[in-house]
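Student: One structure follows; several queries about it will come next.
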Amino acid sequence: METELPQAPDGSVRLLQITDTHLFASAEGRLLAVRTAESLAAVLEQVQANAHPFDLILATGDLSQDHSPESYQRFASMMAPLARPIYWLPGNHDDGPLMTEYLHAAGISEAKQLVGDHWQVILLDTQVRGKPHGVLGDHQLAALDQALRQHPERHALIALHHQAVPVGCAWLDQHNLKNADDLFAVLARHPQQKTILFGHVHQEFDEVHRGVRLIASPSTCIQFKPLSDGFALDESGPGWRYLTLHPDGRIASQVWRLPLGQFVPDPDATGY
């Protein structure tokens, strides 16, 4: 079902991407020594202090670390002061049915196809329950194909959790989108400009593959060290991304981070 895509008066679409918050039932919950509720609160405080405009929020998965109802209630209550519509998709650490139930109960939309004057945003579910990697099921691929066919004149931003191309971290790239070729095959059938926005990798990424731009953003908690063969954490601060989708198809994008040293993960961690 189509939902109206919030947009600015000039027809541009201004987004805030929040991803991989890894919240717990308890506000004291820690991921590799970082209190994830505390780091998200610091990110949201800075977002509110910024003058950077945004009209909606895309939450691209791994909102919870412990699959608890309370973690989703916590996410909803923490995001509420931003007073913008939020659209979400599950990550490998999430519980999809619980997300649907508790985010919906908090007034957060379940919409997965947002259509504006010049753009449409399509949110896809790559979760494989109990597994760290991702797969796009046939129904998800069909929904994408239909959405692109419905609006060939609109540019498309496709949001998902898992990476559809290698990001250069060998340990992390084994937990990728396993049927990425099926995704690119669907995209290749449609003429409009297409961009993929994703989470999961806890780092910045912005490259073009097969004519499609793929963009990833830092987590609001811990960061993975780019270009590392084995598990490694990065000292960069928690981050978020703003994107402006211009009517002519251009995308302006900027990553912001909290200052270095505020939320330092366990340097001896060997995984999570």
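The values are calculated or read from the model by the stated rules, or taken from the named source; none is laboratory data. Just so it is clear, the structure is predicted and the values come from calculations on it, not from any experiment. Don't worry about glycine lacking a Cβ; one is built from the backbone with ideal geometry, like all the others, and counts go over all protein chains shown. What goes into the accessible areas is simple: the full protein's heavy atoms, side chains included, and nothing from ligands, DNA or RNA. Shrake-Rupley method; radii C 1.70, N 1.55, O 1.52, S 1.80 Å.
Student: What is segment 32-130 by shape, rounded, prolate or oblate, if you read a ≥ b ≥ c off the alpha carbon gyration tensor as root eigenvalues and call it rounded for a/c under 1.5, prolate for a/b larger than b/c, and oblate otherwise? Working shown, then result.
Tutor: On the way: a/c = 1.72, a/b = 1.06, b/c = 1.62.
Verdict is oblate for segment 32-130.
Student: Among 87-94, 34-41, 48-55, how do they line up from the highest to the lowest mean number of other beta-carbon atoms within 10 Å?
Tutor: On the way: 87-94: 24.4, 34-41: 21.4, 48-55: 11.9.
Top to bottom by mean Cβ count within 10 Å: 87-94, 34-41, 48-55.
Student: Then there's this: What trypsin sites (Lys or Arg not before Pro) in segment 150-197 are in a loop by DSSP, with at most 12 other Cβ atoms within 10 Å of the Cβ? Display every interim value, and only then the final one.
Tutor: Working: sites: ARG154, LYS178, ARG189, LYS194; in loops: ARG154, LYS178, ARG189.
Filter output for segment 150-197: ARG189.
Student: Using Cα atoms only, what is the angle between the long axis of helix 36-49 and the major principal axis of the chain, expressed in degrees (0 to 90) to the nearest 10?
Tutor: 60 degrees
Student: Over segment 126-216, with the other protein chains present, what is the accessible area per residue in square angstrom, probe 1.4 angstrom? All intermediate terms of the calculation are to be shown ahead of the outcome.
Tutor: On the way: 3730 Å² over 91 residues.
Per residue, segment 126-216 has an accessible area of 41 Å².
Student: Moving on. Can you tell me which lysines have their Cα less than 26 Å from the Cα of LYS131? Leave out same-chain residues fewer than eight positions away.
Tutor: Once the sequence-local lysines are set aside, what remains near LYS131 is LYS112, LYS178, LYS225.
Student: Working from Cα positions, state the angle (0 to 90°, nearest 10) between the long axis of helix 96-105 and the longest principal axis of the chain.
Tutor: The angle comes out at about 90 degrees.
Student: Sketch the reach of a paramagnetic label on LYS225 as a point 7 Å from Cα along Cα-to-Cβ, and name the residues of segment 157-194 whose backbone nitrogen lies under 18 Å away.
Tutor: Of the residues in segment 157-194, 167-174 have backbone N under 18 Å from the label point off LYS225.
Student: Sort segment 129-272 into rounded, prolate or oblate with this rule: let a ≥ b ≥ c be the square roots of the eigenvalues of the Cα gyration tensor; rounded if a/c is under 1.5, and if a/c is not under 1.5, prolate when a/b is larger than b/c, oblate otherwise. Walk me through the intermediate numbers first.
Tutor: On the way: a/c = 2.61, a/b = 1.55, b/c = 1.68.
In terms of gyration-tensor shape, oblate.
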